Every structure is written in C-alpha cells, then in structure tokens.
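> One structure, as structure tokens, below. Some questions next.
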Amino acid sequence: MKISSPFLPAALTALVLFAVVSFGQSPQQPAEGAEHHHEEPAPTNLKVLPKTMTGEQVHQLMHKWEAQLGTECTTCHATDPNKKMPNGRPAINFADDSKPEKNTARLMYRMVEDINKNYVSMVENESGGGVPVSCGTCHRGHIEPPLFVPTKGEHDHDHEHPSPTGEKPPTQ
C-alpha cells in the first residue's frame with residue numbers, strides 16, 4: 001500500500017534528522033555490573049558536533065567511530081607529552097586541532113550528515129525512508145575504506161553495462 005501526502009517528504013526528512021541526531025546524542029548506560037571509569041570532561045572544541053553534547057555523549061560517539069573505522073583515539077587526537085595519564089602514557093589533548101585526520105573526520109561527519117539529510121531521507125521503501133549511513137557503511141572497520149569487488153557469479157553482467165566513466169571493469 002502506498003500512502004501519498006504533500007507533507008510526507010518533509011515529515012520523513014524531519015524523522016530521519018531527529019533519529020540521526022538523537023542516536024548520536026543519546027547516552028548509553030553501562031552494562032549491568034560494569035563500572036564507569038570516570039566522568040568525562042565537557043568538550044571544549046566542538047566544531048561540527050552539537051555544542052549541547054555532554055562529555056559522556058562525545059566519548060561514546062568517539063568509541064563508536066573507533067569501532068567503525070578500526071582505529072584509536074590518537075589517530076585524530078594529539079598527545080601532550082608533558083601530561084601523563086595514571087598508566088604513564090601521554091595524555092590526549094582532545095581540543096588540539098593539529099592532526100589533519102581530525103579535520104578529515106569533521107569533513108566526513110558533514111558528508112554523512114548531508115547524505116542522510118539530503119539523499120537517504122528521499123529514498124522511499126517499505127519502512128518509509130532509506131537506511132541512514134554511518135562511518136561503518138563504507139569503512140567497515142578499516143581506516144581506509146576497502147575497495148568493493150563484486151564476486152563473480154551467474155548474475156555478473158559487467159560486459160553488458162559499461163561504467164559511467166567509460167572504463168572497462170577489471171578482469172579477475
């Protein structure tokens with residue numbers, strides 16, 4: 001059954017935006033029996049994330065991104081060799097913008113938000129909208145997104161459909 005309304009696209013866009021922002025901001029409770037190690041300090045240098053996010057929310061989001069990118073904090077964040085953590089390692093200066101990877105992450109965050117807001121929200125399917133993308137959609141646990149190589153099979157018709165750039169598909 002297809003429902004048609006002049007307000008449907010705007011409502012779907014609002015719903016997707018709300019879900020994306022809420023998902024990124026909703027604090028998750030530690031698993032039962034797990035202890036929270038310490039209170040996260042309030043963020044001081046948010047340039048693309050909502051400034052209303054708490055330290056705990058930013059911390060949880062960063063750990064989600066770490067998993068989706070197969071990386072760690074120091075990939076984007078500089079360390080301060082003059083400050084030590086209790087374990088003896090240099091403390092991380094989260095507000096420092098000296099690493100280019102941090103600006104790349106900000107750019108990619110804007111791209112994901114744009115894709116979800118302006119493209120995915122326009123996809124109509126049975127659930128009413130497309131599935132939002134995330135860092136993991138492309139990266140799949142790797143800092144460099146792995147190249148997609150379709151498997152050879154009975155439905156392999158590359159020879160019938162040339163690429164938009166006119167390049168021939170790679171042979172295997």
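The values are calculated or read from the model by the stated rules, or taken from the named source; none is laboratory data. All of these numbers come straight from a predicted model, not from anything done at the bench. Note that we place each Cβ from the backbone using ideal geometry, even for glycine, and neighbour counts take in every protein chain shown.
> Can you pull out every residue in region 118-134 that is under 29 Å from GLU72 (Cα atoms) and either in a loop (DSSP other than H, G, I, E, B) or in contact with a Leu (Cβ under 6 Å, 6 or more places away or on another chain) (or both)?
VAL131, PRO132, VAL133, SER134
> Another question about this same structure. Which condition does PHE94 not pass, out of (1) farther than 22 Å from HIS142 by Cβ; (2) touching a Cys at 6+ places or on another chain (Cβ under 9 Å); (3) at pLDDT 95 or above, if it passes all the others?
(3)
> Right, next: I'd like to check something: does region 145-155 contain any residue that is at pLDDT 90 or above and either surrounded by 12 or more Cβ atoms within 10 Å (Cβ to Cβ) or of a type in the set (S, T, N, Q) (or both)?
Yes, there is a match, as at least one residue in region 145-155 is at pLDDT 90 or above and either surrounded by 12 or more Cβ atoms within 10 Å (Cβ to Cβ) or of a type in the set (S, T, N, Q) (or both).
> Would a scan of region 32-54 turn up a residue that is at pLDDT 90 or above and closer than 21 Å to ILE143 by Cα? It would help to see each step written out before you state the result.
Within region 32-54, the first condition is being at pLDDT 90 or above, and the residues that meet it are 42-54.
From the residues that got through so far, the ones that are closer than 21 Å to ILE143 by Cα too are 48-49.
Checked region 32-54: at least one residue is at pLDDT 90 or above and closer than 21 Å to ILE143 by Cα.
> Sticking with this one: Within region 80-103, can one find any residue that is among the hydrophobic types (A, V, I, L, M, F, W, C), touching a Lys or Arg at 6+ places or on another chain (Cβ under 8 Å), closer than 24 Å to VAL48 by Cβ and outside any loop (DSSP other than H, G, I, E, B)?
Yes, there is a match, as at least one residue in region 80-103 is among the hydrophobic types (A, V, I, L, M, F, W, C), touching a Lys or Arg at 6+ places or on another chain (Cβ under 8 Å), closer than 24 Å to VAL48 by Cβ and outside any loop (DSSP other than H, G, I, E, B).
> From the list GLU113, GLU56, GLU101, pick out the single residue that is in contact with a Ser or Thr (Cβ under 7 Å, 6 or more places away or on another chain), touching a residue at least 24 places away in the same chain (Cβ under 8 Å) and surrounded by 12 or more Cβ atoms within 10 Å (Cβ to Cβ).
Result: GLU101 is the single residue among GLU113, GLU56, GLU101 that is in contact with a Ser or Thr (Cβ under 7 Å, 6 or more places away or on another chain), touching a residue at least 24 places away in the same chain (Cβ under 8 Å) and surrounded by 12 or more Cβ atoms within 10 Å (Cβ to Cβ).
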